[in-house]
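Let me begin by presenting the structure, written as structure tokens, before commenting on it.
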Amino acid sequence: MNEKHEQYRFNTKLIHSTAGGGAYGAVNVPIYQTSTFAFRSAEHGAKFFAGEIEGYMYTRIGNPTVKALEDSIAGLENGFGGIATSSGLGAVTTVCMALLEQRTHVVSTASVYGPSRGLLEDQLARFGVEATFVDTSDVGNVEKALRANTRMVYIETPSNPAMQVTDLRAVAALAKARGSVFVVDNTFATPYLQRPLDLGADVVLHSVTKFINGHADVVGGMIVTRDEALYRRVRPLMVNLGCCMDPHQAFLVLRGLKTLAVRLDRAQQNAMTIACWLERHPKVAWVHHLGLESHPQHELAKKQMSGFGSVFSFELKGGVEAGRRLMDNVRLATLAVSLGGVETLIEHPASMTHAGMSRESRIAAGITDGLVRYSTGIEDVEDLVADLEQALAVA
Ligand code: LCS
């Protein structure tokens with residue numbers, strides 16, 4: 001599906017796989033803002049619906065602007081094909097509903113994004129799917145959790161917001177030996193820093209709301225499958241769940257995607273500087289940043305990823321109260337959920353993104369009450385450090 005840009009390096013792929021190439025020499029992909037597509041004749045229409053010819057019939061099923069984004073991201077992930085969704089959670093739901101059934105079991109990362117866990121633990125449990133959440137940064141825990149009916153291993157690495165890293169090659173071997181499909185949420189790393197399909201995953205998914213779009217103005221998701229068989233199993237679920245991406249949404253993501261690597265290079269450089277500074281600060285208890293030698297999976301991150309990303313978490317010695325004062329006093333970092341945009345965001349997972357988890361599961365997942373998440377933007381790092389310094393002074 002995506003052989004056109006295969007020979008190029010990553011940045012060249014980013015620019016040229018998102019380019020126009022259509023009518024009038026348009027340099028960018030046009031927005032086909034249409035719900036439906038006219039057939040040339042009744043017979044022509046019937047052939048589409050019989051699957052005898054390919055093309056566009058109705059935007060929930062497929063749309064040229066959306067397809068351009070699907071092909072681009074599938075190419076960046078070295079996968080067979082992409083399936084765009086209305087949100088990242090739409091991608092998680094589509095994959096789980098397509099690949100799981102009654103009396104099947106999933107093994108997943110304990111510190112997975114809160115609502116992804118909620119979907120498996122609450123909603124899908126009603127349909128007879130069982131899920132076990134373990135610290136997957138220890139592969140032995142994955143092995144122990146596998147059962148005869150385990151049909152999926154669902155890993156988020158690095159995980160949100162504990163920043164735990166899972167060994168994708170090792171888990172791929174375990175999943176394969178059991179005949180389980182191996183799904184990876186690659187939102188935090190993006191295909192720029194980590195390509196799970198190359199390491200043995202079967203399906204990769206994204207909240208493109210984050211780094212891929214990168215400008216905090218779109219909610220969207222993407223699924224990429226390793227092969228055609230999985231693509232044909234998953235795509236109909238997106239169509240029938242109705243969680244399709246809108247063409248205008250796809251256009252904005254295509255536009256944001258072009259600068260993924262330059263944005264991430266800058267943001268992760270800023271993040272590293274800030275994390276090193278925070279780790280030495282007397283008011284800071286700990287910092288979880290993949291690039292710090294103190295991070296328990298620092299070596300694995302170096303091996304499996306080509307950069308450490310721009311999100312990290314930390315806790316102040318003064319715990320929850322000090323963390324709250326810090327978040328209330330930063331001036332440059334915006335107190336908001338989401339991450340991966342050009343602007344720096346700060347938030348409190350225990351009371352915000354992961355508030356839906358029980359305290360017990362949250363603590364077991366490494367998301368302590370006082371944990372603060374920081375998504376570094378591309379501002380000048382000196383200003384970001386000064387902002388934290390003045391906020392820490394009153395924390
Ligand atoms: N996967 C990960 C790793 C995420 O961080 C999120 C959203 C999702 C999936 C779901 O994507 P969405 O439907 O929001 O596009 N994470 C969020 C966060 O940490 N703060 O706000 C949203």
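Does the range 200-207 contain at least one residue that is out of contact with any Cys (no Cβ under 9 Å at 6 or more places or on another chain), surrounded by fewer than 20 Cβ atoms within 10 Å (Cβ to Cβ) and not charged (D, E, K, R)?
The answer is yes, given that some residue of the range 200-207 is out of contact with any Cys (no Cβ under 9 Å at 6 or more places or on another chain), surrounded by fewer than 20 Cβ atoms within 10 Å (Cβ to Cβ) and not charged (D, E, K, R).
With the condition kept exactly as written, say whether any residue in the range 236-243 is surrounded by 23 or more Cβ atoms within 10 Å (Cβ to Cβ) and assigned to a helix (DSSP H, G or I).
There is at least one residue in the range 236-243 that is surrounded by 23 or more Cβ atoms within 10 Å (Cβ to Cβ) and assigned to a helix (DSSP H, G or I).
What is the residue count in the range 308-326 for residues that are surrounded by fewer than 19 Cβ atoms within 10 Å (Cβ to Cβ), touching a residue at least 40 places away in the same chain (Cβ under 8 Å) and part of a helix (DSSP H, G or I)?
Of the residues in that region, 3 qualify.
I'd like to verify a number: residues in the range 343-395 that are among the aliphatic types (A, V, I, L, M) and either free of Cβ contacts under 8 Å to residues at least 24 places away in the same chain or open to solvent by 40 Å² or more (accessible area, probe 1.4 Å) (or both), how many? Let's see the steps before the verdict.
From the range 343-395, those among the aliphatic types (A, V, I, L, M) are 345-346, 350, 352, 355, 357, 363-365, 367, 371-372, 378, 381, 384-386, 388, 391-395; that's our starting set.
Narrowing further to those that are either free of Cβ contacts under 8 Å to residues at least 24 places away in the same chain or open to solvent by 40 Å² or more (accessible area, probe 1.4 Å) (or both): 352, 355, 363-364, 378, 386, 393-394.
Counting residues in the range 343-395 that are among the aliphatic types (A, V, I, L, M) and either free of Cβ contacts under 8 Å to residues at least 24 places away in the same chain or open to solvent by 40 Å² or more (accessible area, probe 1.4 Å) (or both) gives 8.
Quick check on my filter: what residues within the range 275-307 are assigned to a helix (DSSP H, G or I), within 23 Å of S338 (Cα to Cα) and in contact with a helix residue (DSSP H, G or I) (Cβ under 6 Å, 6 or more places away or on another chain)?
Across the range 275-307, there are no qualifying residues.
Restricting to helices (runs of 4 or more DSSP H) lying wholly in the range 14-104: which have 2 or more residues that are β-branched (V, I, T), in the same structural domain as T132 (by TED's automatic domain parsing) and buried (at least 19 other Cβ atoms within 10 Å of the Cβ)?
Because the criterion is at least 2 residues that are β-branched (V, I, T), in the same structural domain as T132 (by TED's automatic domain parsing) and buried (at least 19 other Cβ atoms within 10 Å of the Cβ), the helices (runs of 4 or more DSSP H) in the range 14-104 that meet it are 64-76, 88-99.
Among the residues of the range 1-13, which ones are under 22 Å from E228 (Cα atoms) and open to solvent by 60 Å² or more (accessible area, probe 1.4 Å)?
M1, E3, K4, E6, Q7, listed by residue number.
The values are calculated or read from the model by the stated rules, or taken from the named source; none is laboratory data. The structure displayed is predicted, hence computed values, not measured ones. Glycine gets a Cβ as well: all are built from the backbone with ideal geometry, and neighbour counts include every protein chain shown. Accessible surface areas use protein heavy atoms only, side chains included; no ligands, DNA or RNA. Shrake-Rupley method; radii C 1.70, N 1.55, O 1.52, S 1.80 Å.
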